[in-house]
1. Is it the case that C:ASP298 is among the charged types (D, E, K, R) and farther than 30 Å from A:ARG204 by Cβ?
2. Checking the structure you have, find out if any residue of the range B:208-227 is within 14 Å of B:SER194 (Cα to Cα) and of a type in the set (Lys, Arg).
3. Would you check if there is a residue in the range C:119-126 being of a type outside the set (A, V, I, L, M, F, W, C) and in a loop (DSSP other than H, G, I, E, B)?
4. Scan the range C:286-306 for residues that are open to solvent by less than 20 Å² (accessible area, probe 1.4 Å) and within 11 Å of another protein chain (Cβ to nearest Cβ) and jot them down.
5. Have a look at B:LEU291, B:LEU367 and point out the one that is among the aliphatic types (A, V, I, L, M), surrounded by 14 or more Cβ atoms within 10 Å (Cβ to Cβ) and out of contact with any Lys or Arg (no Cβ under 7 Å at 6 or more places or on another chain).
6. Look through the range C:240-252, keep the residues that are open to solvent by 40 Å² or more (accessible area, probe 1.4 Å) and outside any helix (DSSP H, G or I), and return whichever of them is farthest from the other protein chains (Cβ to nearest Cβ).
7. Looking at this structure, is B:ARG71 surrounded by fewer than 14 Cβ atoms within 10 Å (Cβ to Cβ), outside any strand (DSSP E or B), basic (Lys, Arg) and more than 14 Å from chain C (Cβ to nearest Cβ)?
Amino acid sequence: MKEAVITVNKLTKKFGDFIATNEVTFEVDKGEIFGFLGANGAGKTTAMRMLCGLSMPSSGSATVAGFDVYKQTEKIKQNIGYMSQKFSLYEDLTVTENIRFYAGIYGMARPAIKEKTAQLLNQLNLTPEANTLVKALPLGWKQKLAFSVAIFHEPKIVFLDEPTGGVDPITRREFWNLIYQAAERGITIFVTTHYMDEAEYCNRVSIMVDGKIEALDTPRNLKKTYNAKSMDEVFLQLARGAKRSDD
Amino acid sequence: MKQFLIFVQKEFYHIFRDRKSLLIIILMPIVQIILFGFALTNEIKDSDIAILDESKDVATVEIIHRLDASRYFNVARYLHSQADIEAAFKTGKIRLVVVFQNKFRENLLHANHAQVQLLADATDPNTATTVTNYATSIIRDYQNDLTANAPLPYQIEPQVRMLYNPQLKGAYTFVPGVMAMILIIISAMMTSVSIVREKEINTMEVLLVSPLKPLLFILSKAIPYMFLSLVNVSTILVVSVTLLEVPINGSLLLLMGEALLFITTAVSLGLMISNVTNSQQTAQMISLLGLMLPTLLLGGFMFPIESMPKPLQFMSNIVPSKWFFIIVKDVMIKGLGFKMIWKETLILFGMTLFFLTISFSKFKIRLA
Amino acid sequence: MQAVTVDHIVKKYGSKKETVTALDDVSLEVAKGELFGVIGPDGAGKTSLFRILTTLLLADAGNAAVDGFDVVKQYKEIRNRIGYMPGKFSLYQDLSVEENLRFFATIFNTSIEENYDLIKEIYFQLEPFKTRRAGKLSGGMKQKLALCCALIHRPVVLFLDEPTTGVDAVSRKEFWEMLRNLKKQGISILVSTPYMDEAELCDRVALIQSGKIMSIDSPQSIIKQFTKKMWSVRSAEMFRLLNDLQQYSNTEKCYAFGEFHHLVLKNDAEGMDPVMHYLEHLSHHEIEMQVTQPNIEDCFIELMSQ
């Protein structure tokens with residue numbers, strides 16, 4: 001039943017002498033929640049950029065949603081969603097305007113947008129706020145909206161770059177519920193986070209240290225392997241040995 | 001004192017490490033002056049002139065020959081009477097009429113003194129000044145050559161008359177104009193941006209919480225940019241004197257003193273701007289729209305204030321650049337002394353005091 | 001005398017029509033030499049509180065004092081004796097490590113040499129990079145440098161506004177070790193953070209949400225106040241498990257918590273058996289269920305929903 005939507009084989013990115021990502025190899029399955037962890041400067045961002053088709057690898061190979069990261073970056077972009085810490089929403093546009101704009105970028109048809117917008121607003125309990133400027137929304141709502149916008153065009157994979165900074169524990173869980181729902185629908189989630197308890201919510205977790213993937217397994221197996229009580233401990237054991245610390 | 005020194009040092013680090021901005025700040029005045037300057041100097045080669053020679057002797061013929069031979073002039077026609085002069089100018093082609101009175105050589109040899117009239121069309125005052133300067137220097141060359149072989153010095157006195165615009169309004173206006181504009185931009189914009197940047201990167205919070213006195217903060221922000229602006233004044237003057245041959249007719253010391261006053265005005269405006277805004281972009285926009293445009297439009301540099309509607313004329317009085325522009329024109333071009341510009345200086349001084357008082361009293365010792 | 005006293009502070013923003021209450025009748029005290037945490041999400045009012053205490057903002061009502069000095073009337077005295085690290089480390093990116101430190105030392109009327117012993121342990125890690133521009137440092141290094149700059153004048157009270165936000169887990173851990181060392185030097189420290197797990201590293205904490213303090217106490221006492229029994233449950237299908245448990249008739253509260261779901265039952269008397277039956281009936285497998293110790297995050301969630 002397992003079907004890989006991301007395959008990465010010895011993917012490497014060099015900036016001059018500096019090897020940001022060093023022969024990284026892994027696979028991510030359809031509908032999986034894949035946690036991509038690492039200390040600041042371990043090479044996470046570089047790797048993620050290559051997978052999103054924003055940066056050309058130096059060597060190695062990778063496919064995302066079946067498309068090659070060297071030659072088919074435009075196809076990749078059509079099939080992925082992306083959300084970062086900074087939400088990627090326009091603060092001075094309303095909720096509906098933001099949704100319409102992003103859906104338009106992905107070439108969705110107008111009636112489809114209209115129908116799905118109503119559905120989404122209903123699901124997020126945002127219908128009364130449909131014409132509110134995004135900047136007037138509480139942080140947690142913005143994050144949920146940003147995530148929903150990122151998967152509005154039903155991408156195969158969504159990349160989340162530290163999506164849940166600074167919200168209260170209840171909102172954070174509501175956000176993770178959205179992630180679970182998306183995964184149930186078959187959308188693959190590729191997420192980076194600084195919250196180690198969130199790493200536990202992932203099906204599998206990889207930990208990058210100094211450009212290499214040092215560990216990749218389910219949270220449960222990782223804890224067993226490293227004889228640790230929590231993912232926090234696993235992470236500290238691995239990342240403490242890091243030599244690099246630059247972003 | 002230590003606080004002040006390290007703060008000023010830090011500001012210079014900021015300035016020197018931002019190579020691109022520094023380059024722009026240093027080069028902008030040079031580029032602007034040259035641009036404005038060349039727009040004028042190009043026209044001045046091969047200007048058509050007319051001659052009214054009532055003497056027709058060896059001396060006048062020699063001078064006329066020298067004028068014609070220079071790359072600046074081209075003797076286009078010979079006139080026969082005073083009455084022809086106006087007609088010559090009316091053709092629009094003649095920039096200068098040289099009039100030799102009767103018995104030019106005789107006067108020169110016997111009285112050691114002769115007069116030559118230079119009549120220029122001053123509707124374009126920049127060109128008029130330039131052409132009369134060129135003509136004067138050619139005539140002076142001739143006089144010097146003549147004197148070299150003579151026991152007594154001969155004196156040819158060129159009498160310059162500007163027709164149609166005798167006060168030479170707008171003469172060399174680009175130098176004082178560019179000076180006013182550059183100083184406003186550098187001093188006001190840079191000062192405000194450098195303060196607002198501290199707010200943006202949150203260092204302002206730490207500085208406010210520190211024992212640093214507001215006065216010291218403001219002074220340490222102002223002084224590096226005042227220094228930089230003085231460098232700019234110097235480059236502008238050097239470029240205009242050497243490349244464009246615009247003379248400094250008045251006292252250089254006075255000119256620099258007045259420039260320093262205007263820089264202080266601009267810096268105090270920059271401080272005021274930094275009080276009301278929290279983002280570098282806004283600070284830049286306010287500096288550009290709020291200071292540079294009035295300087296260009298109402299400073300008297302591009303458009304003569306006399307020909308503006310009354311409300312605009314009135315408004316121009318509150319534009320500091322207007323007063324600085326008058327001062328520089330008077331000192332640099334007309335060579336006037338402090339006695340003639342004390343009023344404008346006083347106005348500028350008053351404005352500076354006003355702006356400084358406002359920025360000090362409005363300086364926020366807290367965030368909101 | 002307390003290091004910090006906050007007495008019924010109210011702070012509102014905005015115009016008359018639309019006001020946002022950032023701090024709603026907040027009171028707290030921080031003892032001398034205490035490491036005190038202000039814990040809450042973004043927008044809870046942490047930064048407003050810190051700015052009022054560092055004399056950068058005026059409160060709309062209430063009083064506050066730092067080291068015995070009133071934050072409004074005696075703000076100059078306070079500014080001479082506190083250290084402050086605002087959110088987002090405030091360093092000059094184009095100045096080197098050493099230039100930054102020297103600048104702040106001089107501004108605070110002291111020198112690096114005079115108080116070197118205080119920052120020695122932190123600064124020695126930065127010393128190999130002292131000629132590097134601050135903008136080129138990693139998040140963790142910037143954080144250390146900013147701390148050195150805030151400490152260089154040997155403050156009596158240190159205010160750190162979200163020093164660990166956006167910094168990776170290793171640097172966060174190191175940072176808290178540094179704070180514990182500083183505490184030994186007798187400096188009172190107020191630190192704010194959105195990370196609940198950092199609460200346990202403080203002597204006492206204030207849990208803050210929407211401008212209101214929900215609880216102030218030592219982390220242990222706050223946890224003790226959580227009197228209900230907390231269950232942790234897991235199965236092979238975690239998301240379905242969460243939904244099913246939330247639907248269960250005897251469930252008071254259930255939410256994801258790391259590798260388990262945390263479950264509070266309405267009626268504890270029945271124990272875990274009925275829950276197990278219910279789940280088995282729904283064909284969950286690999287079910288694990290046991291009583292667990294609640295932590296600060298559980299308490300926060302509990303307090304939020306009261």
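1. Working: among the charged types (D, E, K, R): yes; farther than 30 Å from A:ARG204 by Cβ: no.
Against the criterion (among the charged types (D, E, K, R) and farther than 30 Å from A:ARG204 by Cβ), C:ASP298 does not qualify.
2. To start, the set of residues in the range B:208-227 that are within 14 Å of B:SER194 (Cα to Cα) comprises B:217-226.
Those left that are additionally of a type in the set (Lys, Arg): B:221.
The answer is yes; a qualifying residue exists.
3. Start the filter on the range C:119-126 by keeping residues that are of a type outside the set (A, V, I, L, M, F, W, C), which leaves C:120-121, C:123, C:125.
Remaining after also requiring in a loop (DSSP other than H, G, I, E, B): C:125.
Yes, some residue in the range C:119-126 is of a type outside the set (A, V, I, L, M, F, W, C) and in a loop (DSSP other than H, G, I, E, B).
4. Result: C:ILE296, C:GLU297, C:ASP298, C:CYS299, C:PHE300, C:ILE301.
5. Values: B:LEU367 fails: out of contact with any Lys or Arg (no Cβ under 7 Å at 6 or more places or on another chain).
Exactly one of B:LEU291, B:LEU367 is among the aliphatic types (A, V, I, L, M), surrounded by 14 or more Cβ atoms within 10 Å (Cβ to Cβ) and out of contact with any Lys or Arg (no Cβ under 7 Å at 6 or more places or on another chain), namely B:LEU291.
6. Initially, the range C:240-252 is screened for residues open to solvent by 40 Å² or more (accessible area, probe 1.4 Å), giving C:240, C:243, C:246-247, C:249, C:252.
With outside any helix (DSSP H, G or I) added as a condition, the list becomes C:249, C:252.
Working: C:SER249: 21, C:GLU252: 15 Å.
This residue is C:SER249.
7. On the way: surrounded by fewer than 14 Cβ atoms within 10 Å (Cβ to Cβ): yes; outside any strand (DSSP E or B): yes; basic (Lys, Arg): yes; more than 14 Å from chain C (Cβ to nearest Cβ): yes.
Against the criterion (surrounded by fewer than 14 Cβ atoms within 10 Å (Cβ to Cβ), outside any strand (DSSP E or B), basic (Lys, Arg) and more than 14 Å from chain C (Cβ to nearest Cβ)), B:ARG71 qualifies.
Every residue, every condition in (1) without any contact (Cβ under 8 Å) to a residue 12 or more places away in the chain; (2) farther than 29 Å from C:GLY258 by Cβ; (3) among the hydroxyl-bearing types (Ser, Thr, Tyr), yes or no:
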{"site": "A:PHE36", "(1), (2), (3)": "no, no, no"}
{"site": "A:ASN40", "(1), (2), (3)": "no, no, no"}
{"site": "A:SER59", "(1), (2), (3)": "no, yes, yes"}
{"site": "A:THR63", "(1), (2), (3)": "no, yes, yes"}
{"site": "A:LYS71", "(1), (2), (3)": "yes, yes, no"}
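The values are calculated or read from the model by the stated rules, or taken from the named source; none is laboratory data. Note that the structure is a prediction, hence the values are computed from the model and not measured. Note: ideal-geometry Cβ built from the backbone for every residue, glycine included; neighbour counts use all protein chains shown. The area values use the complete protein model at the heavy-atom level, side chains included, leaving out ligands, DNA and RNA. Shrake-Rupley method; radii C 1.70, N 1.55, O 1.52, S 1.80 Å.
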